[in-house]
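Here's the structure we're looking at; comments come further down.
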Amino acid sequence: MINYCCYDCLKLEPENLPILLTESVHNTTQSRQKICQLSIETFNFSHFCLISQPVLSLLSTGKSTGFCVESGHGVTQFVPVYEGSKVQVGVSRLELAGQDVNDSLEKFANTNGFTFKDYLEKETLADLKEKLCYVAQNYEEEKKKDANKLDKTFNLPDGKEIKLGVERFECAEQLFEPETCGKEIDGIIDRANDMLMHVDPDVRNELYGHIVMGTQSEKNGFYCTRK
């Protein structure tokens, strides 16, 4: 992969390049050592840095200490960071993320005669989620709203229209209350609180004071402040 990026994409010699590589928070010491060896001894990069994605998400906010909740397609990671380094005792992962929301949205679509089978159709489903769905700031209050005012339509590539109402926020509620979909696991807020209780009490309040949500969907407004 590194060879392809340098020679095929950038068409530059590695010796003239600084490189920043991201790693999983669960990366093993052996794997890290191998990556470092390849980067320094084989490719001889001018500068080299290996850092976990959640730490980068936190640093992007101008802070070096805080708590990052990194939600992707398949898993959500919880990473406390103190002065630029992850606090391993509070690191956790939860098998609950964007794909679960997609699955709920797809079930609703299927019951209304719509199917999303191949790759392009799955991408359309993800686009539908990011443009129409949202997290309710207060789920109980959101359910009391006039259902007709929640209705929005989405134009599918084949010209058909799909209409969403309360499904716009109900499909995402499982991120916080997994039992609504029959899952016996922690929700995102419960797991975050649990992991924060694992860290040293002397830094806990500082971590609580700066919680960052790192996710591919945040640029589309899918996540919001949760009461």
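Here, each number is a calculation from the coordinates, and none is a lab measurement. What you are looking at is a predicted structure, and each value in this text was computed from that prediction instead of being measured. Because the Cβ atoms are built from the backbone with ideal geometry, glycine has one as well, and the counts that use them run over all protein chains shown.
Straight-distance candidates among the lysines for linking to K11, with alpha-carbon spacing under 27 Å and chain neighbours fewer than 8 residues away dropped: K34.
Nearest 10 degrees is fine. How inclined is helix 119-132 to the longest principal axis of the chain, computing both from alpha carbons? It works out to around 70 degrees.
Going through (1) 0.98; (2) 1.02; (3) 1.20, the figure that equals Cα Rg over 2.2 N^0.38 Å as computed for the structure here is (3).
The listed peptides 98-105, 200-207, ordered by packing as a protection proxy, come out as 98-105, 200-207 (highest mean of other Cβ atoms within 10 Å first).
Around L120, what is the net charge, scoring Lys/Arg as +1 and Asp/Glu as -1 over all other residues with Cβ under 13 Å from its Cβ? Local net charge: -3. In the distance distribution for the range 98-174, Cα-Cα pairs more than 14 Å apart total 60 percent. Annotation: the antiparallel percentage among DSSP beta bridges lying fully within the chain is about 60. For L196, the shell of other residues with beta-carbons less than 12 Å away shows a net charge of -2, using +1 for Lys and Arg and -1 for Asp and Glu. I need the shape label for the range 41-170. Rule: rounded when a/c is under 1.5, else prolate if a/b > b/c, else oblate, with a, b, c from the alpha carbon gyration tensor. Note, shape of the range 41-170 comes out prolate.
Which of Y208, Y134, Y119 ends up with the largest GNM mean-square fluctuation for the chain, with Cα atoms connected below 10 Å? Result: Y119 has the largest fluctuation of those listed.
The value of relative contact order for the chain, using C-alpha pairs under 8 Å at least six residues apart, is 21 percent.
Taking Cα atoms only, the orientation of helix 98-111 departs from the longest principal axis of the chain by about 30 degrees. Label zone (K160, point 7 Å along Cα-to-C-beta; backbone nitrogen cut-off 17 Å) within the range 90-127: 105-127.
For the peptides 186-193, 149-156, the ranking by mean Cβ contacts within 10 Å, running from highest to lowest, is 186-193, 149-156. Computed from point charges on the beta carbon alone (+1 for Lys and Arg, -1 for Asp and Glu), the dipole magnitude for the chain about its Cα centre is near 320 Debye.
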